[in-house]
């Protein structure tokens with residue numbers, strides 16, 4: 001199964017170039033040119049990752065994309081792609097899991113995306129396992145059934 005990425009940028013040349021590069025590396029890529037288009041696509045489909053430019057309609061439009069991604073039930077990985085990294089280091093506190101600074105080489109970009117996707121899936125699995133353990137602990141031992149799975 002191909003990993004699906006939503007790529008958001010208002011610069012069509014950047015959007016098409018990155019889309020081609022990522023598709024050559026085996027990703028399925030959808031694009032959006034604005035916050036509104038990105039939100040619409042996130043709500044009508046699901047993605048493993050959302051990568052957004054920071055400066056689009058406004059200087060901080062990318063944060064609206066990250067917030068919308070974090071609100072999705074399927075919880076995609078999130079990354080900010082920008083030529084103007086924020087001076088503050090609070091980008092992780094605001095929901096982005098990675099900061100990709102333009103210009104970025106193809107190999108480096110793909111390596112960072114792969115690493116983020118692996119880490120993100122590991123985190124999701126850990127949360128799921130912890131939730132299952134908590135759910136099991138909430139069930140009284142007298143009502144638990146231990147089935148052998150073959």
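Looking at the stretch 1-33 only, could you name the residues that are over 18 Å from residue 110 (Cβ atoms), touching a strand residue (DSSP E or B) at 6+ places or on another chain (Cβ under 8 Å) and surrounded by fewer than 18 Cβ atoms within 10 Å (Cβ to Cβ)?
Selection gives 10, 11, 33.
Could you check the stretch 105-123 and list, in sequence order, the residues that are loosely packed, with under 15 Cβ neighbours inside 10 Å and either under 22 Å from residue 13 (Cβ atoms) or at pLDDT below 85 (or both)? Explain how you work it out, then say what you get.
Keep residues of the stretch 105-123 that are loosely packed, with under 15 Cβ neighbours inside 10 Å, which gives 105-108, 111, 114-115, 118-119, 121-123.
The answer is 105, 106, 107, 108, 121, 122, 123.
Return the total of residues in the stretch 38-73 being assigned to a loop (DSSP other than H, G, I, E, B) and either touching a helix residue (DSSP H, G or I) at 6+ places or on another chain (Cβ under 9 Å) or crowded, with 22+ Cβ neighbours inside 10 Å (or both).
Final tally of qualifying residues: 9.
Filtering the stretch 5-37 down to residues that are under 16 Å from residue 65 (Cα atoms) and in contact (Cβ under 8 Å) with a residue 40 or more places away in the chain, which residue is farthest from the chain's Cα centre (by Cα)?
11
When you check residue 94 against the structure, is it modelled with pLDDT under 75, over 22 Å from residue 17 (Cα atoms) and exposed (fewer than 12 other Cβ atoms within 10 Å of the Cβ), yes or no? Quick ask: steps written out before the conclusion?
Values: modelled with pLDDT under 75: yes; over 22 Å from residue 17 (Cα atoms): yes; exposed (fewer than 12 other Cβ atoms within 10 Å of the Cβ): no.
Taking the combined requirement at face value, the residue does not satisfy it.
Take the stretch 103-129 and flag every residue that is touching a residue at least 60 places away in the same chain (Cβ under 8 Å) and either part of a strand (DSSP E or B) or over 14 Å from residue 3 (Cα atoms) (or both).
If the condition is that a residue be touching a residue at least 60 places away in the same chain (Cβ under 8 Å) and either part of a strand (DSSP E or B) or over 14 Å from residue 3 (Cα atoms) (or both), then 106, 109 are the ones that fit.
The values are calculated or read from the model by the stated rules, or taken from the named source; none is laboratory data. A quick note: this is a predicted structure, and the numbers were derived from the prediction, not measured. Virtual Cβ from ideal backbone geometry, glycine too; neighbours counted across all protein chains shown.
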